[in-house]
Amino acid sequence: MSTNTATADPASHRLSDTLREAASKYGLIAVLLALPVYLAISDLISKGNLTDLGNNLVLGLSNGAIIALVALGYTLVYGIIELINFAHGEVFMIGSFVAFGLWGTFGISEGMAVPGMIVGLLAAMIAAMIVCGGLNVMIERVAYKPLRNAPKLAPLITAIGMSFILQNVGILWRGSSQASVPDLINQSNDLVTIGGVVINNGDVLAAAVTIPLVFLLTSFINRSRLGKAMRATAQDPDAARLMGINVNTTISMTFLLGGMLAGAAGLINLLYQTSIWYFQGFQAGLIAFTAAVMGGIGNLKGAVLGGLIIGCIGQLAEFRIGAEWTAVVVFAYLVLIMVFRPQGLIGEETREAG
Amino acid sequence: MSNLRGLLKGKNNLVVSLVALGVAAILPLFFDPLSNLTNNFILAAAFVVMALGLNIVVGFAGLLDLGYVAFYAFGAYTIGWFASDHFSSVNGGEGFHIAAGEFASNLPGIHLNFLVIVVVAVIITGIAGMLIGLPTLRLRGDYIAIVTLAFGEIIYRFAVNGDEITFGEGYKLTNGRQAISPIDSIDLPGFAPFDSAFSLRPFYWFCLVLVGIVLLVNFRLRDSRLGRAWIAIREDEVAAASMGVPLVKTKLLAYATGAAFGGISGAFLGSYLTSVNANNFQFGFSIFILAMIILGGLGSIWGVAIGAILLSFINTYFIPEVFNEVPRKIGLEFDLTILNFGIFGFLILLVMVLRPQGILPERRRALELEGVGAGDAIEVRAP
Amino acid sequence: MRFNRATALGLLVPALAFGVAACGDDDEGGGGGGGGNVAEGTTLTIYSSLPLQGTSRGQSEAVINGEKLALDEVGGKVGKYTIKYVSLDDSTAQNPGTADEGKTAQNARQAVRDKSTIFYLGEFNSGGTKVSLPILNKAGIPQISPSNTYIGLTTDEPGSEPGEPDKYYPTGKRTYARVVPRDKIQGAALVSVMKEDGCQTATLWNDKSVYGAGLARNIKQSAEQNDLTIENEQGTDKNSPNYRAIASKVKSDCFVWAGVTGENGVQVYKDVAAANKTVKLYGPDGVTEEAFSNPKEGGIPASVGARTKTTVATLGAKDLPGSEPILEKYKQEYNTQTVDPYAIYGYETMALALDALKRAGDKANDREAVTEALLSTKDRQSVLGTYSIDANGDTTLTDYGLYVIKNGQPTYSKKIEAAVS
Amino acid sequence: MSTPVETPSTATGAGKARTLLATEQVSKTFGGLVAVNDVSFEIPERSIVSIIGPNGAGKTTFFNMLTGLYKPSIGRIVFDGKDISRTRPDRITTLGIARTFQNIRLFATMSAVENVMVGQHARMKAGLIGSILRPPKVRGEERSVRDKAHEMLSYVGLATRVHDELAVNLSYGDQRRVEIARALASDPRLLLLDEPTAGMNPQESDRLTAFMRQLREERQVTILLIEHDMKVVMGVSERITVLDHGEKIAEGDPVEVRANPLVVEAYLGKQG
């Protein structure tokens, strides 16, 4: 490990390298901005307004908020043990399933009084967070902890195994097709229309839950003892151990936090998409991972930023190119980022990124 | 287990190879020429070819490729394009034929002999392998996994949506989930044309020959300059580079070779299944093949072959035919088949945690997975 | 080093065996299929091949139930022959909900192997039939599909691909029939309904399956002939969590999606309905089922259901009085309130097969005679109405029923006069 | 001090030896940290040169630049008249520089012989097709490479019975031997040894010192050494370069360096 830190940053800093560095950083931003700017201009020319673009961006941001919640889970875990928790998307899916399962228990249904519904949904969300947090901790114990000294690829492989197991749990639970769930919040109801740009209940919900959660999480990690332990463990597990930090507990707590976020995202997704599917986690997981990488994996702010950007890119691609090509665009972005700027938009260079 | 490993050394390997292939060759004579078992054996043999290909990339060179299905797709589309009526108005509707069988040579579209197809598939998938490998060269470990996964997904989407990409005289890139079919059957010079409606045995023997060739290639590569370089890169990239191993070229050769095997197998399966359907090129397939090599033992040639046969039979025989009713018998309302991927996932997890070296481990890889070597290498930027 | 040369030698063994056997195979060639055209004994087997895993399981079970009911009605016997019914699964875990090529081919081969095979009922998906039909055709086994609508399986009419349908019949003789009208008819039916409802423009999406893409081509073709402007054609990806961005582009009077429920159909309709509050929604038989229409089963909400009309090649009891007793019997037998349209297709598939066997009389064990009887079906009075099977194997039926959604159930509304050109 | 300090004899005798490797004002920065700063130095052909300096002085970073693992931020490295500052590590090996590592980096799960065979990678020709088809040429090459690997292992003093042992199972001293054999297998003109005596007892160190001289005499290899053991350094080196905080603070023959007050302060002082 010590050799790693000594040589953690092999990026050279000649003038040309510095230029290249700047080009890669701002180049990425430029590429990201080029698409909407181009669309804005072409819209202005052809239609004379930006309504479509505005609508795309609103949808993109609300989709992106949910992606961001999932992406935070990836980034937290990666930040501390440099492992892509491949099963994270499935934990998110289980979160949706748990929350939906509890609607009946808590008597939540369409058309019930708003205060009662809010209380019920909060209770369902907390339950989903607890279940998913616990599940994530269990996954860590079963699939990753025994392999902490094995080559790095070993836990990634078990993570994939875990992901498939959880998908099957989903199939056993609710079958293999998508199912529609009651639209509790009347998500498509237009709340505000500004110059043709529609903001509906779903968009507000996604923002209303994501923003406080992200603030809570960042301040928790910045201020609390656990947060400090997490950062110490992330930097150097051995040193952290010497300083009296219980590394195992810290890692477990990180998985707990990540799982809880996935649980919350599961409920929001349920209300926002009004559907449920065993495979929803896989797709969302890949997209959220892309978001985490785009922002700079290991970086909390980056994950949120990446989530919002990927949300917008996805919606723009869907609207302009076609729904069937959205995934291609998102994955193409993933490859481009990995190749040209693996440390992401605001991430620090990691060893992997080298 | 160590006895077993001793059995596969030096001269004994010859005996084992001969006996194994000999037994395999007479196996179908005990079953009906159209029986399910023969079908299962054919699929298993085709998967052995694929798994041995992926083993070069993951097992030898240590590059975790999660998008291997892309090469299955490229191989399958090679035969889809060049041995069907997909490009129906080529040559004014007369078709274009190279040593095509009697039946195929009167059909419109491009029809090349299967042996030509194999060569074309090797070239196409080899190039595809290098192109997909190229962006991963600067990356290591899990990032390679994710980039290859992303590529696999991109290729899948192109396969599914390729019916929207048209060129020339309205030719489609792929036929999406509507499948390109029928594909010409294998028609080798000197043999009667293969016909899966009458006997599956020729397909089986043909695939067995492929398996034999691929096994031979694997053994030879492992004990060659290139094989040592792959293992050196897997063990310690920095040291390997410092010993004169060119990282870029060596890694790309691993990708290309592994991909080529996937392509050969893909072309074979395309012909055997008589259709190329985008449905078959999903992420799960990559994991299916990966599970084979993990089960058998990463890097171990015999292990991987056994893993592939085992998993293929779990998939085509044990789960759907033998144990399918088990959940219902114990009062659960589902068939075991729906848990197929969960079972693979569980196997991967179990093997990785309890016996990471696999069923029949390779000597060196076993050590590595027990925590010897590798690990804390310093970072090097491949130029 | 030595063992490698030896391994090479080892390869010779299978290579030789391969050669020997390939030669030997020529002798066998005839035995596999050619000689098997006349079944021995008095037991005849009818195979059914349908996707029993994944999203289509419900519809497949309905087909099987219908088939069993029809077989039970004749007491499992035709003339001196006892009919054995074998249900096969053409899907796999890797390809749930649809026909997997490998599995489908193997099902067909299983039927070929079985000398007592007299009928093969399937596949559910037109894409699957593309695989099984050539194999069965070589063995001369007659095949009836309960649900294939893809046009290219039987004709080279517009909407088919080059080379179709001949490439599915390697012997040059037809052996395939279907009980549902081909897409051309359904496409025309859907367009007729939309025109009737006053639509000038229609948005057309499809699920990119053989069924969906084929039907979309036929809808478009019919629309062009009938002055209905098709806008905004789009394929949908089952994996998309939602379709809100493309739904926001729907500005036409009508919306129609050529697809099946299992391809995320519910989300498609929900998102389009939400994005455009006035657009009228239409769907084909692929979504005429409770999993689509009943919110309690994960289907579309009632508010969307109220705006949705679907077409199925089954008429309601009021326009087809003869079907009433059978529907009642089905409800009783399987203890259900509703009859899935596919149950009726399944029933008729088996009924048609049994009818052909009956007409073949003593030659009911002769595949060739049975095929001939099947393809010369004339003015058959059935649960679907009176129809004939033409030389291509297509039903002459053009009646389509229009269904609306009431209480979550697809409910027959009226007969459509399709403008088939 | 049991062994008297010898004055090393220059192999070329009279006249200045040709320069094999030279660095020109080489610097390397990581982020804000300057690891190597403006270092220029030369290695005459067939000499034995040492780099010394306290921990963290930038010695290994310097080595990594010479072997292409790092690219210098500023400056040029010239080997045998060619600028290799931006050359890939494997190309540099092909040109004739080989190295060992501070903490042994053998391919742990390969046998000793296989390790040394990898060392000859750059000198082999067999490609993908050749490896598969194995024409007589490839067979011959494979055989000679294996023979040479055995020869090298025996040359560095590894007992024949452990040649086929996995590297990981060898004793520490044997691992060092294999690493040197692996480096020598590429027929280098310049051999870089990074703390080769680390973990050795005085007898072993002495033997290694003698071996270095033998190498130079028998195989005409130029040797650049990073070493902490002053006895080894003073005993074997013709020239010594002293690095501290990434900068060259002194250079000269052992006597000069030993007398340099800066060195005493920065390095030797701490020892005393």
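The values are calculated or read from the model by the stated rules, or taken from the named source; none is laboratory data. Computed from a prediction, not measured in an experiment: that's the story for all the values here. All Cβ positions, even for glycine, are placed from backbone atoms using ideal geometry, and neighbour counts span all protein chains on display.
Given (1) surrounded by fewer than 19 Cβ atoms within 10 Å (Cβ to Cβ); (2) in contact with a Leu (Cβ under 7 Å, 6 or more places away or on another chain), identify the lone condition not met by residue A:143.
Only one criterion is unmet by residue A:143, namely (1).
Tell me the residue from A:311, A:259, A:285 that is over 20 Å from residue C:245 (Cα atoms), modelled with pLDDT of 90 or more, in a helix (DSSP H, G or I) and within 14 Å of chain C (Cβ to nearest Cβ), please.
Numbers: A:311 fails: over 20 Å from residue C:245 (Cα atoms); A:259 fails: within 14 Å of chain C (Cβ to nearest Cβ).
Residue meeting the stated conditions: A:285.
Do we have residue A:79 as modelled with pLDDT under 90 and either among the aromatic types (Phe, Trp, Tyr) or under 17 Å from the mean Cα position of the chain (by Cα) (or both) here?
On the way: modelled with pLDDT under 90: yes; either among the aromatic types (Phe, Trp, Tyr) or under 17 Å from the mean Cα position of the chain (by Cα) (or both): yes.
Yes, satisfied.
So, restricting to helices (runs of 4 or more DSSP H) that lie completely within segment B:227-320, which ones have at least 3 residues that are under 28 Å from residue B:181 (Cα atoms), within 9 Å of another protein chain (Cβ to nearest Cβ) and out of contact with any Pro (no Cβ under 8 Å at 6 or more places or on another chain)?
Details: elements: B:237-242, B:247-273, B:283-296, B:301-313.
Of the helices (runs of 4 or more DSSP H) lying wholly inside segment B:227-320, those with at least 3 residues that are under 28 Å from residue B:181 (Cα atoms), within 9 Å of another protein chain (Cβ to nearest Cβ) and out of contact with any Pro (no Cβ under 8 Å at 6 or more places or on another chain) span B:247-273, B:283-296.
So, residue B:141, is that one surrounded by 18 or more Cβ atoms within 10 Å (Cβ to Cβ), over 28 Å from residue B:95 (Cα atoms) and more than 10 Å from every other protein chain (Cβ to nearest Cβ) or not?
On the way: surrounded by 18 or more Cβ atoms within 10 Å (Cβ to Cβ): yes; over 28 Å from residue B:95 (Cα atoms): yes; more than 10 Å from every other protein chain (Cβ to nearest Cβ): no.
Here the answer is no, as residue B:141 does not meet what is asked.
Would segment A:76-85 turn up any residue that is away from chain B (no Cβ under 14 Å) and closer than 23 Å to residue A:208 by Cβ?
yes
Starting from segment C:68-97, take each residue that is away from chain B (no Cβ under 14 Å) and within 12 Å of residue C:353 (Cα to Cα) and list its partners that are outside any strand (DSSP E or B) and not hydrophobic (A, V, I, L, M, F, W, C), counting only C-beta distances under 6 angstrom and pairs at least six apart or across chains.
Here the result reads C:70/C:347; C:78/C:358; C:83/C:76, each pair linking segment C:68-97 to a residue that is outside any strand (DSSP E or B) and not hydrophobic (A, V, I, L, M, F, W, C).
Name the one entry in D:146, D:105, D:88, D:123 that is in the same structural domain as residue D:20 (by TED's automatic domain parsing) and either touching a Cys at 6+ places or on another chain (Cβ under 7 Å) or touching a residue at least 12 places away in the same chain (Cβ under 8 Å) (or both). Outline the logic, then answer.
Values: D:146 fails: in the same structural domain as residue D:20 (by TED's automatic domain parsing); D:105 fails: in the same structural domain as residue D:20 (by TED's automatic domain parsing); D:123 fails: in the same structural domain as residue D:20 (by TED's automatic domain parsing).
Just one listed residue meets the conditions, D:88.
Just for segment C:292-312: of the residues that are surrounded by fewer than 24 Cβ atoms within 10 Å (Cβ to Cβ) and facing chain A (nearest Cβ under 8 Å), which one is farthest from residue A:187 (Cα to Cα)?
The qualifying residue farthest from residue A:187 (Cα to Cα) is C:297.
Tell me which strands (runs of 3 or more DSSP E) are completely within segment D:13-126 and hold 3 or more residues being buried (at least 19 other Cβ atoms within 10 Å of the Cβ), within 17 Å of the chain's Cα centre (by Cα) and of a type in the set (Asp, Glu), or say none if there are none. Walk me through it before giving the result.
Numbers: elements: D:19-30, D:33-44, D:48-52, D:74-79, D:97-99.
Correct list: empty, since no element meets the threshold.
In segment A:323-344, how many are among the small types (Gly, Ala, Ser), in contact with a Gly (Cβ under 7 Å, 6 or more places away or on another chain) and under 21 Å from residue A:38 (Cβ atoms)?
Final tally of qualifying residues: 0.
More than 19 Å from the chain's Cα centre (by Cα), facing another protein chain (nearest Cβ under 8 Å) and either surrounded by fewer than 24 Cβ atoms within 10 Å (Cβ to Cβ) or not β-branched (Val, Ile, Thr) (or both): does that describe residue B:182? Can you show your working first?
On the way: more than 19 Å from the chain's Cα centre (by Cα): yes; facing another protein chain (nearest Cβ under 8 Å): yes; either surrounded by fewer than 24 Cβ atoms within 10 Å (Cβ to Cβ) or not β-branched (Val, Ile, Thr) (or both): yes.
Considered against the rule, which asks whether it is more than 19 Å from the chain's Cα centre (by Cα), facing another protein chain (nearest Cβ under 8 Å) and either surrounded by fewer than 24 Cβ atoms within 10 Å (Cβ to Cβ) or not β-branched (Val, Ile, Thr) (or both), residue B:182 comes out as yes.
Return only the number of the condition from (1) assigned to a helix (DSSP H, G or I); (2) more than 12 Å from chain B (Cβ to nearest Cβ); (3) not aromatic (Phe, Trp, Tyr) that residue C:132 does not satisfy.
(2)
Please tell me if residue A:69 is away from chain B (no Cβ under 14 Å), among the hydrophobic types (A, V, I, L, M, F, W, C) and under 26 Å from residue A:294 (Cα atoms).
Here the answer is yes, as residue A:69 does meet what is asked.
From the list A:134, A:89, which residue is under 21 Å from the mean Cα position of the chain (by Cα), at pLDDT 95 or above and within 14 Å of chain C (Cβ to nearest Cβ)?
Working: A:134 fails: within 14 Å of chain C (Cβ to nearest Cβ).
After applying the criteria, what remains is A:89.
Name the residues in segment B:63-122 that are more than 13 Å from every other protein chain (Cβ to nearest Cβ), in a helix (DSSP H, G or I) and over 25 Å from the mean Cα position of the chain (by Cα), would you?
The one that is more than 13 Å from every other protein chain (Cβ to nearest Cβ), in a helix (DSSP H, G or I) and over 25 Å from the mean Cα position of the chain (by Cα): B:105.
Taking residue B:220 as the residue in question, decide whether it is crowded, with 23+ Cβ neighbours inside 10 Å and part of a helix (DSSP H, G or I). So that I can check it myself, show each step before the final result.
Numbers: crowded, with 23+ Cβ neighbours inside 10 Å: no; part of a helix (DSSP H, G or I): yes.
Taking the combined requirement at face value, the residue does not satisfy it.
Applying the selection to segment B:193-216, what residues are in contact with a Phe, Trp or Tyr (Cβ under 9 Å, 6 or more places away or on another chain), surrounded by fewer than 21 Cβ atoms within 10 Å (Cβ to Cβ) and at the interface with another protein chain (Cβ under 8 Å from one of its Cβ atoms)?
Correct list: B:209 only.
Would you pick out the residues in segment B:1-32 that are outside any helix (DSSP H, G or I) and modelled with pLDDT of 90 or more? Before the answer, list the steps.
Taking segment B:1-32 first, the residues outside any helix (DSSP H, G or I) are B:1, B:8-9, B:31-32.
Passing the criteria: none in range.
On the given criteria, is residue A:185 among the β-branched types (Val, Ile, Thr), within 21 Å of the chain's Cα centre (by Cα) and more than 7 Å from every other protein chain (Cβ to nearest Cβ)? I'd like the intermediate steps shown before the answer.
Details: among the β-branched types (Val, Ile, Thr): yes; within 21 Å of the chain's Cα centre (by Cα): no; more than 7 Å from every other protein chain (Cβ to nearest Cβ): yes.
Spelling it out, it is not the case that residue A:185 is among the β-branched types (Val, Ile, Thr), within 21 Å of the chain's Cα centre (by Cα) and more than 7 Å from every other protein chain (Cβ to nearest Cβ).
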